[in-house]
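The block underneath contains the structure these notes are about, expressed in structure tokens.
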Amino acid sequence: MLIDSHCHLDFEDFHHDRAEVLRAAVACDVRKIVVPGISARHWKRVLYLHGEICGVQLYPALGLHPFFLEEHREDDLQILDQYLQQYRERVVAVGEVGLDFSRKTDKTTQLSLFRAQLELADRYQLPVILHVVKAHEQVIALLKEFPEVKGIVHGYSGSLPQAKQYIRQGFLLGVGGVITWPKSDKKRAMFAQLPLESLALETDSPDMPPSDIRGQRNTPAQIAVVLDKLVQLRSESRETIARVTTGNVLNLFNSDV
Ligand SMILES: [Zn+2]
């Protein structure tokens, strides 16, 4: 059984064939999918994508994504707070949140939005799903103020020493289609040597497709391709990598169903 720990199944890209996409995922052994919300207008749809649909267990997460800073409004944090309270049984994480310093948006605003969402995660005892681009040092420093908050650094793009700091903080590192890309030698070397107990498989669908479907829409079924690549890179068997990475994600989200 495999889990896609990061899939934007709520996006319009899947409106015309969501059921088909889920059935194709089941055919590749993907039985659980975490669906992170990126902005307030997405939350209702994300919340709707919960429970078992077409043989896949869906897990919603709610957050205000740093990449879409311009979209967020002042009262969104308050609404997020209300939703986390109201849908506490359904929501598995606060996410997708974090810092994206490749964006020209104001860093101070990004930081205060991120901090406020870490506070919510802390208060509701939920893990976080992090989006971090060119800001790993800042995120690692900020996480030290929230020792109880665990999570996943999705689509991990940092260095090996930074990975070790995240792991010490109790974070998993998301590995996706990027490890199949021709220019990803450094990432392949890193994911080959990180402890298996710290890895989570993800697709980031509809984005970040593996190299063999470059330019096309990514889907959760591609988790199998990410797994196959990881098997090539590492010494453990396919079964072990599947079992351990699945267990990592289930433990984090406190789910054994
Ligand atoms: Zn995402």
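A few comments on the model shown:
- Theoretical ellipticity at 222 nm over the chain - DSSP helices of four or more residues, -39500 (n - 2.57) apiece, nearest 500: -12000 deg cm²/dmol
- Solvent accessible area, Å² - GLU202, 1.4 Å probe, full protein context: 10
- Set of lysines near LYS186 by C-alpha distance (under 18 Å), chain-local residues within fewer than 8 positions excluded: LYS134, LYS164, LYS229
- Nearest-10 value in Å² for the accessible area of CYS28, using the 1.4 Å probe: 50
- Evaluated at q = 0.18, 0.26 Å⁻¹: base-10 log I(q)/I(0), Debye formula over Cα of the range 57-129: -0.65, -1.22
- The range 53-97, accessible surface, carbon-and-sulfur percent (1.4 angstrom probe): 44
- DSSP assigns beta bridges within the chain; of those with both partners inside it, close to 10 percent run antiparallel.
The values are calculated or read from the model by the stated rules, or taken from the named source; none is laboratory data. Note that the structure is a prediction, hence the values are computed from the model and not measured. Note: areas computed on protein heavy atoms with side chains; ligands, DNA, RNA excluded. Shrake-Rupley method; radii C 1.70, N 1.55, O 1.52, S 1.80 Å.
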